[in-house]
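Following: one structure in structure tokens, then a few remarks.
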Amino acid sequence: MNTFLLRDVVNADSSASISDYGAHVLTWTPAGQPPVIWRPAAVQLREGTAIRGGVPIIFPWFNTGWDGGRPVSKQPKHGFGRVSFWAFDETAVTDRHVRYTLDSTDFGDDLLAQLNSGDHPRFHATYDVEIGERIAMTLTVTNDGDEPLTYEAALHTYLHVGDVERIAVHGLESCDYLDNTQPGVPHCSATGEPITFDGMVDRTYLRGDEADTPITIEDPVLGRTIEIINAGAPQAVVWNPGQAAGDAMGDLAVGEWRGFVCVEAVARLDRSVTLAPGQTNTLSQTLSVR
Ligand SMILES: O=P(O)(O)OC[C@H]1O[C@@H](O)[C@H](O)[C@@H](O)[C@@H]1O
């Protein structure tokens, strides 16, 4: 039977808690600050179920996937990475760094058959978390198979805010986006304005040359600014369920939706990652607060 191990990393600059299930960072708290990575008051740990809050690793498909230029119906939602026990690398651990690995040999053919990679998909993934004045989370995937491997991935980070309806998200003003709340997921033009929240927001922002410039969350309630730097991520998903959907979610208490916003480092849809045999790709996100 698998055991849910939660590991605490503590140093002079910050502390974090990480679950082996999903290689899931549950919280990150810089010294002298309220937490920056948000988790619900009650975290539900159940095999086969995704953990709410923290930093779910979405891999190897986003939502129910994308294949041949159209959405498809892969399961589990958001890929098997976030509902698998990752291997903890005891040789890499310090009070500032942990590493997890995931290998395709741990999965059955039925799951692997959903990957876009010929008849015998093979990969290994490494997830490094650096914990200090900043937190840096890096997902590295290598194609160990004989054919090209295409996958989607995201670091689906829940960021703690005082009140989502009073924050502003800067840095995506000039990006067009896909509106996931609308039928047909329409392509919408850049608004030129910071993002504010009044009801559900679920958008895939299409980033260009500026994809690694910071996104910031201005939070007048907690009196701070969170800075997010994504790398290797051609898109950024911004999500909050709003009151109606948030209060209906079984793994959130009433009103908890107000305390977070997700700003995600993403490669999905026609911007999925394709690796030639032997090739490696990294996707990362770094957070800091001021
Ligand atoms: O409830 P889940 O599976 O964690 O997904 C949460 C949200 O994750 C976001 O990344 C998606 O864009 C949303 O559409 C989705 O609702």
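Overview of values
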| quantity | calculated |
| --- | --- |
| R134 closer than 26 Å to T29 by Cβ and among the basic types (K, R) | yes |
| Subset of segment 215-242 [more than 16 Å from the ligand (Cβ to nearest atom) and either among the charged types (D, E, K, R) or closer than 16 Å to I167 by Cα (or both)] | T216, I217, E218, D219, P220, V221, L222, G223, R224, T225, I226, E227 |
| Residue count for segment 247-262, restricted to those that are in contact (Cβ under 8 Å) with a residue 40 or more places away in the chain, more than 10 Å from the ligand (Cβ to nearest atom) and either touching a Phe, Trp or Tyr at 6+ places or on another chain (Cβ under 8 Å) or assigned to a strand (DSSP E or B) (or both) | 3 |
| Residue within segment 31-43 that is within 26 Å of V185 (Cα to Cα), touching a residue at least 12 places away in the same chain (Cβ under 8 Å) and under 20 Å from the mean Cα position of the chain (by Cα) present | no |
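Just so you know, all these numbers are worked out from the coordinates, no wet-lab data involved. This one's a predicted model, so the numbers in the text were calculated from it and none came from an experiment. All Cβ positions, even for glycine, are placed from backbone atoms using ideal geometry, and neighbour counts span all protein chains on display.
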